[in-house]
Amino acid sequence: MKKTFFITLLALMMSAGCNTAMAQQQDSEKLRTERAKLRTDKERQRMTREQLAERQARYIASTIALDEETTEKYVRTFCEYQKEVWALRPDRNRKRQAEMSESDIEKNINEKFDREEKLLAIRKKYYKEYSKFMTQRQIQRAYELEKKATGQLVKRKANMQNRKGGAKRQRKGQK
C-alpha cells in the first residue's frame, strides 16, 4: 500500500512539474510575441540627438541623486553643451585617406587640432556652468557617467555595424 501511494504521489509530482514547465514556456512565448507587437514602426524610429541627450542627462541626474530643481538645470545645461559639441563634428563627406593629397591630409590634421581646442573651451565653459549649481563631486561623477554612456553608445553602434556588415558579407557569399 505504501509503495502504491508513493508511486502515485511521484507520478502526480512529475505531471505537475511538466505542466509548470510547459506553462512557463508558453508564457515566455507570449512575452516574445507581445514584445514583437510593441515594436511597431513608430517605436522603432530612432531617437533624435536631442531626445538622446535629454535621456542621458536625466539618467546621470538620477544616478547622482540630484533634486528636481538641480536636475532640470543640469538637463538644460547638458543639452546646450551637447548642441555645441555636435556643431564641432567634422564633415562626413570626406575623401578616403588613400584619395587625399599631402596638403589635404595636413589640412585635416590642423582642422582636427582646431576642433579639439574648441571642444576643450566648450568643456571649460560648461564646467563653470555646472559649478554654479552642482558640487565638484557631483560634476566629477557626472563626467564619469557621461563617458561611460558615450562608450556604451559607441560600442552599440560598432556592434550594429558589424551585424549589418556580417549580413552583407554572408549574402554575397551565398550568391
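The values are calculated or read from the model by the stated rules, or taken from the named source; none is laboratory data. Only a predicted model underlies this, so the values are computations on that prediction, with no experimental measurement involved. Virtual Cβ from ideal backbone geometry, glycine too; neighbours counted across all protein chains shown. SASA here: full protein model, heavy atoms, side chains in, ligands and nucleic acids out. Shrake-Rupley method; radii C 1.70, N 1.55, O 1.52, S 1.80 Å.
Quick notes on this structure:
- Stretch gain in nm, segment K118-Q140, where the contour uses 0.36 nm per residue and the Cα spacing is subtracted: 5.8 nm
- Sparse packing (at most 16 other Cβ atoms within 10 Å of the Cβ) combined with a DSSP loop state is found for the following trypsin sites (Lys or Arg not before Pro) in the range 44-121: R46, R92, R94, K95, R96.
- Carbon + sulfur, % of accessible area of the range 70-162 - ligands and nucleic acids excluded, 1.4 Å: 50
- Cross-link pairs beyond the 28 Å C-alpha cut-off, checked among K107/K128; K112/K157; K124/K164; K118/K148: K107/K128; K124/K164
- Sum of side-chain charges, R141 neighbourhood, beta-carbon under 14 Å (Lys, Arg +1; Asp, Glu -1): +1
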